[in-house]
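These notes are about the structure you will find just below.
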Amino acid sequence: MVNVGLKTFILKKEEIKRKWFLVDAKDKNLGRLCTEIARILRGKNKPTYTPHLDCGDFVIVINADKIKVTGNKLKGKNYYRHSGYVGNLKVISLEKMMEKSPEFVIRNAVRGMIPHNILGRQILKKLKIYKGENNPHSAQKPEKIDL
């Protein structure tokens, strides 16, 4: 038996409509916030989601320095860098990274939740993160959402 009228919907590049969203990270849990941000960036919150296209929206995150983590992660979670030379492994804790660059912490968490390919790098460019309340994107009229 063949279903004649059913076809799979595939979004075309020309039909993509992007919105801007503003997210306040104050007193939000890092992981839970970043999963919702990753869903919006990929477009999984839309009924027109297409996996092979960048159909997501722009996300502006403010108050990145006021984010919270649970448990003993501030001292226990570490970020590692290596230059490639022998003995040059650099280790920095989450606590020090939050003082130095809270934007990196959020961007790194979101990066781990999106595809690790060209599409993922394209999606990550739509994420804008700021330490304080102010952001230069008021002309785009972002819609404030509570995650």
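Counting only trypsin sites (Lys or Arg not before Pro) that DSSP places in a loop and that have at most 11 other Cβ atoms within 10 Å, the longest clean stretch of the chain runs over 18-124. Taken along the Cα-to-beta-carbon direction at a fixed 7 Å, the label points for R32 and F9 span 3.0 nm. For the chain, the longest stretch holding no chymotrypsin sites (Phe, Trp or Tyr not before Pro) located in a DSSP loop with at most 12 other Cβ atoms within 10 Å is which? It works out to 10-84.
Restriction of the GluC sites (Glu not before Pro) in segment 49-147 to DSSP coil positions whose beta-carbon has at most 13 other beta-carbons within 10 angstrom yields E133.
Full extension of the chain segment joining I16 with K144 gains 44.0 nm, where the gain is 0.36 nm per residue of separation less the Cα-Cα distance. Return, ordered by residue number, the residues of segment 57-81 whose backbone nitrogen is under 13 Å from a label point located 7 Å along Cα→Cβ of F104. Inside the label zone: 78-81. Each of I145, N78, V59 was scored by the projection of its Cα onto the charge dipole of the chain, and the greatest displacement toward the positive side belongs to N78; charges sit on the C-beta of Lys, Arg, Asp and Glu.
Bear in mind that the values in this text are calculations on the coordinates, not laboratory data. The structure presented is a predicted model; accordingly, all values stated were derived computationally and were not measured. Cβ atoms come from the backbone with ideal geometry, glycine included; neighbour counts cover every protein chain shown.
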